[in-house]
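Have a look at the structure below, then the notes.
The values are calculated or read from the model by the stated rules, or taken from the named source; none is laboratory data. Bear in mind that the values here come from a model prediction, so they are computed numbers and not experimental data. For neighbour counting, all protein chains shown are included, and Cβ atoms are generated from backbone atoms with ideal geometry for every residue, glycine included. For the accessible areas, the whole protein counts, side chains as well, though only heavy atoms, and no ligand, DNA or RNA atoms are used. Shrake-Rupley method; radii C 1.70, N 1.55, O 1.52, S 1.80 Å.
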Amino acid sequence: MAVPTGAATAPSPRPPRKRGGRRRTLLPVVAALAVLGPLGWMWQASLLPDSYSVMDMGYRDEGRNQGSGAVPAQGHEGHHGPAARSVATLTEPSTAPADVRVDLTARKEPFRLASGQMVEGYTLNGSSPGPVITAEQGQLVEVRLVNESVPDGVTLHWHGVDVPNAVDGVAGVTQDAVPVGGEHVYRFRADQRGSYWYHSHQVSHEQVQRGLLGALVVTPPGGLPGTTVDELALVHIYDGVRTVNGRPGETRVDAAPGTRVRVRVVNTDNGPMPVWVSGAAFRVVAVDGTDVREPGEVRDLSVEVTGGARADLEVEVPAGQAARVELGGAALLLGQGDPPRSVRPTGKLDMLTYGTPAALGFDPSAADRSFEYVIGRAPGFLDGWPGLWWTVNGHMYPDVPMFVVADGDVVRMRVENRSGESHPMHLHGHHAVVLARDGVPATGSPWWVDSLEVGDGESYDIAFVADNPGIWMDHCHNLPHAAEGLVAHLMYEGVTVPYRVGGVNEPE
Ligand code: C2O
Ligand code: CU
């Protein structure tokens, strides 16, 4: 780091002739101490304890109260509000037998892509991506995770599914990582139809990239209408090779002309991916598990699917040459023939104006809480490491805000990015609706997201209803960024966490 080194050596680059004796040599020493002292203190203060509770992390941010109703219990921590509820008790209430039951065994082992290329990484039931889990809306899902040989331990997070907090799968926050030889059961109701995915939330920047992930598809009861072909396109980069459902290059979907294909694009990587279709028009029928209202036909535009996000495209298979769905270098071919690669359209579809508006079901202008999530970057120490680190509202990890809400609150948040890089922001346990971007109000279909690309210099106003008690991560899904501290939490009043981050648990 330029700052400490420069400062420490600055006082006396070329010592003058010894004239003043001891006092003169003392001056630089004192000056150096004056600089190094605070730096040393900052370094020391940045060291993370061996383990800590997320509850003790950072500082409480109760938000600005906008509503005219209840005044939040500021300065009365714990005295107001509901009685303490442990995260572990926030489970699916039904004890009925599950409708969908899946066993997943995690292993550390090399696996082979369809191209023959070997990848050193992790598998679920012997493959990566792991099996596609399919449920009908309303069904009870039960997944038993067994860790056979992942040395760091594993968990499963249900990305985009607003599960009960106890099964959110965040190591050290909602459970302990499952050690080798251990197992863990996840139970939740697949309430919302749409495209989702699951992944480990233990050492996630490494485990997700190296294969501990898979898709979860929730169809309407009885499945999609018979005339529509349901096609998953889970995109993941293994060792620099972009794959669709584990296959590099092109994958053909044999469907007759006139057939409608719903392509469920799931971006499981760290960066945004432009998606477009050549040879046919398309519609974006769902985003992050919520249907778009009256989606119009799109041509010659690309759709940006950010890290962690999903977009369901509907394409009608053309009569002649196949339609080509471009997925960042890999592609799906819908129909016959071999259309050439197409160039990326210059325009981007803007979800802020796409589709037609509808009632939200709540009133964001009567928010009970209003938060800011300003992403910045500053020099400093993170766990003893000097660097340029991410900040949230000017604070560096672990001194990040704990956004506090009460059950039923209408919550607004302004996510603002002044960090010099783009970030796919992901809130667990809730879907938020986009109200405005850079102050320009949304005018299209209600745009509900769980993963939102916030470009450098952009700001988004979003809102949601706090209807899922627990403690929830709200972090950047460019997972190395999360590991570098771009993490905050949303906490409901009265919720307690029996787990600890550190030791066996390393969520990012
Ligand atoms: Cu998909 Cu906290 O993650
Ligand atoms: Cu980021």
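The table that follows gives values for the structure above.
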{"read-out": "Accessible-area composition of the chain, carbon plus sulfur, in percent [1.4 Å probe]", "value": "53"}
{"read-out": "Percentage relative contact order, the range 396-508, counting C-alpha pairs under 8 Å, at least six apart", "value": "35"}
{"read-out": "The range 91-232, Cα convex hull volume normalised per residue, Å³", "value": "106"}
{"read-out": "Three-way shape label, the range 224-349, alpha-carbon gyration tensor, a/c 1.5", "value": "rounded"}
{"read-out": "Global form of the range 385-508, assessed from the alpha-carbon gyration tensor, a/c cut-off 1.5", "value": "oblate"}
{"read-out": "Over the chain, equivalent-ellipsoid semi-axes from the Cα gyration tensor in Å", "value": "42, 28, 25"}
{"read-out": "Spatial separation of Cα centroids for the range 443-508 and the range 118-161, in angstrom", "value": "21"}
{"read-out": "Cβ-placed point charges (K, R +1; D, E -1), dipole of the chain about Cα centre in debye, nearest 20", "value": "2160"}
{"read-out": "Accessible area of the chain divided out per residue, in Å², using a probe of 1.4 angstrom", "value": "42"}
{"read-out": "Vicinal HN-Hα couplings computed from phi for the range 168-176 (Karplus, 6.51 cos²θ - 1.76 cosθ + 1.60; Hz; Gly/Pro x)", "value": "6, x, 8, 4, x, 10, 10, 5, 8"}
{"read-out": "Amide H contacts of residue 429 (H built 1.01 Å from N, under 5 Å, at least 5 apart or other chain)", "value": "160, 163"}
{"read-out": "About the Cα centre, charge dipole magnitude for the range 224-349 (Lys/Arg +1, Asp/Glu -1 at Cβ), debye", "value": "160"}
{"read-out": "Unit charges at the beta carbon, dipole of the range 224-349: most positive-side option, 302, 313, 235", "value": "302"}
{"read-out": "Ranked by how many other beta carbons lie within 10 Å on average, peptides 231-242, 248-259 from highest", "value": "231-242, 248-259"}
{"read-out": "Long-range amide H partners of residue 60 with built H, under 5 Å", "value": "402"}
{"read-out": "Which of 266, 336, 253, positive extreme of dipole for the range 224-349 (C-beta unit charges)", "value": "336"}
